[in-house]
1. Calculate log10 I(q)/I(0) of segment 65-141 for q = 0.16, 0.24, 0.26 Å⁻¹, where I(q) comes from the Debye formula with a single equal point scatterer on each Cα and nothing for solvent.
2. Work out, step by step, the length gained on full extension between residue 80 and residue 143: first 0.36 nm times the residue separation, then minus their alpha carbon distance; give nm to one decimal.
3. Excluding residue 90 itself, what net charge comes from residues whose Cβ is under 11 Å from its Cβ, given Lys and Arg +1 and Asp and Glu -1?
4. Order of 87-94, 115-122, 15-22 by packing, highest average Cβ count within 10 Å first?
Amino acid sequence: MNRSQKIAAAVSGAVVVALVALAAPAVASAIGEVASPETSDVAAVAAEPVVAAEPVVTPEPVVTPEAACPRMGLDAVPVDQGSRYGAAGDVVLADGVPTSYVVAANDHPVAIGERLCIDYATLGPRNGGDLAEIHPGDVLDLRP
């Protein structure tokens with residue numbers, strides 16, 4: 001073992017010892033609370049009557065973009081899932097189908113793709129290139 005390895009091992013050992021010393025009072029306190037007679041009276045707990053719990057109502061399932069979108073890909077037909085953070089622009093419809101999207105401030109291609117059930121990577125090819133820089137007022141073509 002060379003000198004730098006010995007120093008690293010010694011420093012690591014000192015750090016471990018210091019951490020153990022810092023944690024010891026908290027561990028001792030926690031052990032004292034767990035073992036105290038006030039909290040470990042098993043007979044008192046066993047003597048209490050058992051009450052049946054109220055039935056739990058199962059909440060409605062949360063619909064994720066993946067579940068709500070029929071399919072995503074190069075030839076996917078866009079489906080507007082509604083405005084959201086990063087995709088608050090206006091959607092232009094033709095016969096009820098989104099055909100273009102007007103970029104709003106703080107919009108991001110990933111959020112726009114999720115909103116419209118289109119893989120964001122396909123927005124670039126549909127619009128002639130890279131969407132690294134989109135600006136408010138830009139109009140994105142959504143047609144496959």
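Read-outs throughout are calculated quantities, based only on the coordinates presented, and are distinct from any laboratory measurement. These numbers come from a predicted model, not from an experiment. Virtual Cβ from ideal backbone geometry, glycine too; neighbours counted across all protein chains shown.
1. Once normalised to I(0) and log-transformed, intensities are -0.49, -1.18, -1.40.
2. Values: separation 63, 0.36 × 63 = 22.68 nm, distance 1.30 nm.
Answer, rounded to one decimal: 21.4 nm.
3. On the way: positive: none; negative: 80, 107.
For residues surrounding residue 90, the net value is -2.
4. On the way: 87-94: 16.2, 115-122: 20.1, 15-22: 9.8.
Most protected by this proxy first, the peptides run 115-122, 87-94, 15-22.
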